[in-house]
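The values are calculated or read from the model by the stated rules, or taken from the named source; none is laboratory data. Fair warning: this is a prediction, and the values are worked out from it, not measured in the lab. We place every Cβ from the backbone using ideal geometry, glycine too, and count neighbours over all the protein chains shown.
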Amino acid sequence: MSVRAVRGATQLETDTRDHMLDRVAEMVRGVTEANSLEVEDFISIIFTATSDLHAEFPAYAARQLGFDDVPLICARELEIDGSMPRVVRMMAHVETDLARQDVTHVYLHGAAALRRDLSRVREVPDE
């Protein structure tokens with residue numbers, strides 16, 4: 001068993017609490033499913049949000065999914081000119097038998113454009 005980092009990102013259409021919780025839950029479930037993980041495999045998760053999002057803590061969505069005893073933290077993303085708005089990112093540290101090159105990072109909605117350089121990115125098109 002190894003410790004691996006797995007990334008995810010999603011873009012929100014609006015800064016509302018329900019939308020934040022839905023999109024972040026979708027991202028966390030996507031990372032979990034794409035890498036055949038269980039909640040018990042997660043060591044910790046760091047969430048970042050761009051400065052235009054304040055409706056809810058992204059980590060609260062993970063708590064609602066049962067991540068009760070996993071250490072979670074939220075932080076602000078750097079404000080870089082021209083960066084994508086309304087984005088929540090996550091970096092989870094997990095215990096897994098997956099080799100580093102087999103870890104699937106999950107970028108959803110508009111955030112899929114952030115990491116076109118990764119060959120193992122699961123994308124979900126905008127609706």
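Here is a list: Thr14, Thr10. Which entry is of a type in the set (Ser, Thr, Tyr) and in a strand (DSSP E or B)? Break it down into steps so the answer makes sense when it comes.
Values: Thr14 fails: in a strand (DSSP E or B).
None of the other options fit; the residue is Thr10.
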By residue number, the members of the range 77-111 that are over 17 Å from Val31 (Cβ atoms), free of Cβ contacts under 8 Å to residues at least 40 places away in the same chain and of a type in the set (D, E, K, R) are Glu77, Glu79, Asp81
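Restricting the search to the range 18-27, which residues are within 15 Å of Ala62 (Cβ to Cβ) and either of a type in the set (D, E, K, R) or in contact with a Lys or Arg (Cβ under 6 Å, 6 or more places away or on another chain) (or both)? Give the steps one after another, and end with the answer.
Step one: filter the range 18-27 for residues within 15 Å of Ala62 (Cβ to Cβ), giving 20-27.
Within the range 18-27, Asp22, Arg23, Glu26 qualify.
Can you tell me which residue within the range 36-68, out of those that are assigned to a helix (DSSP H, G or I) and of a type in the set (A, V, I, L, M, F, W, C), is farthest from Ala112 (Cα to Cα)? Lay out the reasoning, then the answer.
Of all residues in the range 36-68, those assigned to a helix (DSSP H, G or I) come to 39-41, 58-64.
With of a type in the set (A, V, I, L, M, F, W, C) added as a condition, the list becomes 39, 59, 61-62.
On the way: Val39: 24, Ala59: 21, Ala61: 20, Ala62: 21 Å.
Checking each candidate, the answer is Val39.
Matching residues to (1) within 16 Å of Arg7 (Cβ to Cβ); (2) modelled with pLDDT under 95:
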| position | (1), (2) |
| --- | --- |
| Ala49 | yes, no |
| Asp52 | no, no |
| Ala55 | no, no |
| Gly66 | no, no |
| Met84 | yes, yes |
| His93 | yes, no |
| Gln101 | yes, yes |
Can you pull out every residue in the range 23-35 that is in contact (Cβ under 8 Å) with a residue 12 or more places away in the chain and either in a loop (DSSP other than H, G, I, E, B) or within 23 Å of Arg86 (Cα to Cα) (or both)? Arg23, Val24, Ala25, Glu26, Met27, Val28, Arg29, Gly30, Val31, Asn35
